[in-house]
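Comments concern the structure below.
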Amino acid sequence: MRVGVFALQGDVREHLLILSKLGVDTLEVRNATALNEIDSLILPGGESTTMSKLIDIFDLRKPLQEFIVSGKPVFGTCAGMIMLASNVVDSAAGQQSLNAMDISVQRNAFGSQLDSFEATVSFAGQDAKVAFIRAPKVLEAGDGVEVLSKLEDGSIVAVRQKNLLATAFHPELTGDSSVHSYFLGMAQS
Amino acid sequence: MSPSKNEATPLVKRGLAEMLKGGVIMDVVNVEQAKIAEDSGAVAVMALERVPADIRAQGGVARMSDPDMIEDIMKAVSIPVMAKARIGHFVEAQVLQSLKVDYIDESEVLSPADYVNHIDKWKFDVPFVCGATNLGEALRRISEGAAMIRSKGEAGTGDVSEATKHIRTILGEINSLSAKSEDELYVAAKELQAPYDLVREVARTKKLPVVLFVAGGVATPADAAMMMQMGADGVFVGSGIFKSGDPVKRAAAIVKAVAAFNDPAVIAESSRGLGEAMVGINVSDLPAPHRLSERGW
């Protein structure tokens, strides 16, 4: 099994490090051809406006949407969650998501960088040490969406819809591999 | 469940820089330029009153920008906004933190406020990026709390040669450090004038503990891609975009070239029809007192 990490921008290296720690074969995905060589895909953290532009500049919107529709597992962290959402309430001019998950997200929902934080969250019933960096929140999740993590204040910060997993936080920054293990489990089943 | 939220930890500060990797950070002096930067795919903007080329041309003391101008830009864009404080000017940094900018650049592009000490960056919750010309300087800044390093280059010139020199120096010194045996690292730390623990960490991991961008003199898509091929995590472009003939086109072209830095066909494509590049000054023609990269130590 080979996991691709979308590599045009963002914290690609951190995802690759965790995956290799888990003993998984990885590939940096920079073009449509690479999508044919992987079994699952991670959309990393980064700047979602930039990712949206780059996806169009390099004609990757359709191939990515086809990959998602094919049912192969896709995991988005932070900017990756924004890319997967069907609705981004405060998107920048020209920013377009991949419109894949039935969720509505708000960008920078906690505030500026001063409001970024580390925390231990309960993810799918297990504790995970994660980081929220200028993180988004899920404002609304559709019927087919399973909520995997909420903060104390009720904010939805991790969701799953069939083959798609999205977290508002970065599990890739803290060295905790439990969320990636969960994703690999999705990819194996 | 979130028993404790820990804000402003080193991981949180360094983490934002990790998210900017593979991206272009653009100097902007007003809302219009900030929007152009965001539209073209910049990962962040640096809000300042005068780009380095103008600071150079106009001379005088260059200081932190007007808070109104910084706040206008923060309101206008959704990407992170950085702003510059003078080297050692901890009150300018306090002001920028109170404005809630996302990153502070303690920058040699402004006139230094202290010729001995840099800002004690551990005292701040906002992360800092600092310039460096070599590994020792980078590690001294990190030991003071910098959460991101940019090689200095020579800002406001459009001459990429100093940027090349500084990124090559930093990465070359990391390489030679990683080839040393453990017992050689004590003297290496002495020679680098950097804390031993950081020196040992770099020797082991073969990289800085923070993200390393390049700045100072990048003017074309090929310049930017060259910095990426040499091993930069990303690129700052100051005067190179908004002092050129067609900023909208050039901004997008540099973003594209950075994302596809290993693909000459894409770089060729993004180099076409950009109009005039910024005029530029050869660094070798600059008298030493006018070289910004020599500010900071």
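The values are calculated or read from the model by the stated rules, or taken from the named source; none is laboratory data. Source: prediction; values computed, not measured. Positions of Cβ are backbone-derived with ideal geometry, glycine not excepted, and every protein chain shown enters the neighbour counts. Please note that ligands, DNA and RNA were not included when accessible areas were found on the heavy atoms of the full protein model with its side chains. Shrake-Rupley method; radii C 1.70, N 1.55, O 1.52, S 1.80 Å.
Observations on the model:
- Listing of strands (runs of 3 or more DSSP E) fully contained in region A:1-62 that carry 3 or more residues being over 25 Å from B:Pro80 (Cα atoms) and either β-branched (Val, Ile, Thr) or at pLDDT 95 or above (or both): A:2-6, A:25-29
- Residues satisfying the stated conditions in region B:106-129, i.e. assigned to a strand (DSSP E or B) and either of a type in the set (Gly, Ala, Ser) or farther than 24 Å from B:Gly59 by Cβ (or both): B:Ser107, B:Phe128, B:Val129
- Residue match in region A:67-86 (condition: away from chain B (no Cβ under 11 Å), more than 20 Å from A:Val147 (Cα to Cα) and crowded, with 22+ Cβ neighbours inside 10 Å): yes
- As a summary of the residue check, A:Ser20 satisfies the conditions (1) under 25 Å from B:Ala17 (Cβ atoms); (2) in contact (Cβ under 8 Å) with a residue 12 or more places away in the chain; (3) away from chain B (no Cβ under 14 Å) except for the one numbered (2).
- Pairs with Cβ under 6 Å, 6+ apart, first in region B:122-146 and away from chain A (no Cβ under 14 Å) and hydroxyl-bearing (Ser, Thr, Tyr), second part of a loop (DSSP other than H, G, I, E, B) and open to solvent by 40 Å² or more (accessible area, probe 1.4 Å): B:Ser143/B:Pro195
- Condition met for A:Ala124 (open to solvent by less than 40 Å² (accessible area, probe 1.4 Å) and among the aliphatic types (A, V, I, L, M)): no
- Restricting A:Gly46, A:Gly111 to residues that are crowded, with 24+ Cβ neighbours inside 10 Å and under 29 Å from B:Ala34 (Cα atoms) narrows the list to A:Gly46.
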